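J.: Encoded as structure tokens, here's the structure I'll be asking about.
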Amino acid sequence: MTDKRQTPENMRPLLEEAAKKLGVTPESLERNLCSGDIGNLLKKLPAVQQEKLTKTLADKTACQKIMESPQAQALIRKFTGK
């Protein structure tokens with residue numbers, strides 16, 4: 001059975017890929033995510049993706065489902081150091 005836990009080492013490729021798609025450095029993306037300042041990141045997304053993300057973030061149930069996912073929990077642990 002494969003270990004599905006996320007570690008900083010196996011999260012790095014995800015961070016790098018997301019940064020590349022947003023046109024920012026991985027370090028900049030990580031800083032924005034850690035500080036909770038995603039406004040500038042949203043501006044870099046295509047309009048369709050901005051709208052989809054905005055709608056999802058406005059839906060409390062959808063946000064809760066996302067935040068409870070193993071991937072989100074791994075990111076939270078990574079960025080908070082807990």
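Where a number appears in this text, it was derived from the coordinates with a stated rule and is not lab data. All values derive from a computational prediction rather than experimental measurement. Methodologically, a virtual Cβ is constructed for each residue, glycine included, from the backbone with ideal geometry; neighbour enumeration extends over all protein chains shown.
J.: Along Cα→Cβ, 7 Å out, is where each label goes; now give me the distance between the ones at ASN10 and GLN50 in nm to one decimal.
T.: Calculated label separation equals 3.5 nm.
J.: With Kirkwood's inverse mean 1/r over C-alpha pairs for Rh, give me the Rg to Rh ratio of the chain, two decimals please.
T.: The Rg/Rh ratio comes out at 0.97.
J.: If you filter the stretch 10-58 for trypsin sites (Lys or Arg not before Pro), then keep DSSP loop positions with at most 15 other Cβ within 10 Å, what is left? If you can, show how the numbers build up before the last one.
T.: On the way: sites: LYS20, LYS21, ARG31, LYS43, LYS44, LYS52, LYS55; in loops: LYS44.
The qualifying sites are LYS44.
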